[in-house]
Amino acid sequence: MTHTSIIILAAGAGSRMKSNLAKVLHKISGKPMLYYSIKEALKLSDDITVVLYHQAQKIKEEMNKYFDDINYVIQDHKNYPGTGGAVMNITPKYEKTLVLNADMPLICANELKKFDGDATIVMSVLNLDDADGYGRVVIENQQVKKIVEQKDASLDELKITNANAGIYQFDTKFLLENLANLSNDNAQKEYYITDLIEMAINQGKILKPLFVNEENFKGVNTKFDLANAQVIHQNRIKKKFMLDGVIMRLPDTIYIEEDVQIQGECIIENGVSLLGNTKIINSHIKTNTVVEDSTLINSDAGPMARIRPNSEIKDTHIGNFVETKKAKLQGVKAGHLSYLGDCVIDEGTNIGCGTITCNYDGIKKYETIIGKNVFVGSDTQFVAPVKIDDDVLIAAGSTVTGNVKKGELYLTRAKKKTVEGYFYKHFGEEK
Ligand code: UD1
Ligand code: CA
């Protein structure tokens, strides 16, 4: 299929999303829907055109984060609205042109390859229990006759369960010759790409319907569709990891984004979210833990831990209610209730419950560096910047405001005081 041009239609307003964000920027597994269309298209062709109009600049900026050298075209939406209008004024390089709607985040290159063929048009058909939201494919005597849009359909046509999935491979010459003949004489006053089907049939051209499934071809028009598509996408991601040997407890409750890597023997418990550029290697992530843009190797975290961006955690135990951010921990135990941000902590060190790295003075962020075999007592605050050498003991309840040298005990506590019988003096005598 290498000699096929691809046009991705992403100019629509997406009004059914009821959102200020352009439809194709809504995310599935952490990436905008349009990302998936472009990513899969790039596997098949070097001639890709993305058609934009609504929020074009914003969409381009977002896509520039992921792809270079994509050809964007702005639709003349004012004069030629609709999916047919969107393909006007494009000159595909190759003899065949594949047109994709950009609101189909589940498509994959292998499925798109099936559109290859000699027909003038290869079109995709979904057979659904309920085709609500899709254009209906009118089939008579086992021949496709036309596509009728939901808004233009008669009551009988609305009952049709064959839907247009929204992907077509055109003979490029046919496409270019017939676009000018589209009209906007329909309920939406738009130029429909789907009208080309009837034109091809009337000209006696060969039309090939390709039956496809919603697993790969679901269209997203509403936030309900978005949620359903995401479930399918998540199941794909999780299935792949489980087949690779990852244990998932109650996988339906786990959320894993597109770029996450999981390697070796790992257990991911229920309610875990693995976000962004996260890498989990030979580790155990316990219930309701969130890991974002971080790496865990030979470690365990949670339940209910929060590993925030740029944490590098190796051979380490992270317990409940521990939050890390930009923390480099190697061979550390931090079992309970701590905030470890902008810090480097070395092997054999124990972080007591309630430890806080005070990394921010309201203006700048500062680093806490803790060496090997340090015993940090509970309820310690490190007021950064601060450096603790190896073999140090920090007494519970200390506020560490300066560097501590190898072998030292560090202790800051108010002097102990007791006043005998003070309770009764304050609240009255014992009854
Ligand atoms: C379209 C099809 C419908 C099919 C469905 C499959 C038409 C007329 N109808 O309907 O038969 O069942 O997809 O999901 O094609 N777009 C533009 N410019 C525009 C309008 C839309 O680029 O002026 C883009 C949108 O950004 C979107 C795609 O085209 O990515 C489809 O548009 P949408 O409005 O969602 O079409 P549907 O009503 O779903
Ligand atoms: Ca759609």
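The values are calculated or read from the model by the stated rules, or taken from the named source; none is laboratory data. Nothing here was measured: the structure is a model prediction, and the numbers come from that model. Counting neighbours? That spans all protein chains shown, and the Cβs are built from the backbone with ideal geometry, glycine included. Note: areas computed on protein heavy atoms with side chains; ligands, DNA, RNA excluded. Shrake-Rupley method; radii C 1.70, N 1.55, O 1.52, S 1.80 Å.
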(message) For segment 354-375, give me each residue that is closer than 19 Å to residue 319 by Cα and either charged (D, E, K, R) or not in a strand (DSSP E or B) (or both).
(response) 354, 355, 373, 374
(request) Name every residue in segment 187-228 that is within 16 Å of ligand 2 (Cβ to nearest atom) and of a type in the set (S, T, N, Q), in order of residue number. (result) 188, 194, 216, 221, 222, 228
(request) Of the conditions (1) away from ligand 1 (no atom under 14 Å from the Cβ); (2) charged (D, E, K, R); (3) more than 19 Å from the chain's Cα centre (by Cα), residue 27 clears all except one; give me its number. (result) (3)
(message) Please count how many residues of segment 1-50 are within 14 Å of ligand 2 (Cβ to nearest atom) and in contact (Cβ under 8 Å) with a residue 12 or more places away in the chain.
(response) 16
(request) Within segment 103-133, track down each residue that is out of contact with any strand residue (DSSP E or B) (no Cβ under 6 Å at 6 or more places or on another chain), assigned to a loop (DSSP other than H, G, I, E, B) and either away from ligand 2 (no atom under 16 Å from the Cβ) or modelled with pLDDT under 95 (or both). (result) 108, 116, 118, 129, 130, 132, 133
(message) Which count do you get for residues in segment 376-429 that are part of a loop (DSSP other than H, G, I, E, B) and either touching a residue at least 24 places away in the same chain (Cβ under 8 Å) or in contact with a Pro (Cβ under 7 Å, 6 or more places away or on another chain) (or both)?
(response) 8
(message) Filter segment 356-374 down to the residues that are crowded, with 20+ Cβ neighbours inside 10 Å and out of contact with any Leu (no Cβ under 7 Å at 6 or more places or on another chain) and list them by number.
(response) 359, 368, 370, 374
(message) Among the residues of segment 218-233, what is the count of those that are out of contact with any helix residue (DSSP H, G or I) (no Cβ under 7 Å at 6 or more places or on another chain), open to solvent by 20 Å² or more (accessible area, probe 1.4 Å) and within 12 Å of ligand 1 (Cβ to nearest atom)?
(response) 1
(message) For segment 123-133, check the following and say yes or no: at least one residue is in contact with a helix residue (DSSP H, G or I) (Cβ under 6 Å, 6 or more places away or on another chain) and either of a type in the set (Lys, Arg) or more than 10 Å from ligand 1 (Cβ to nearest atom) (or both).
(response) no
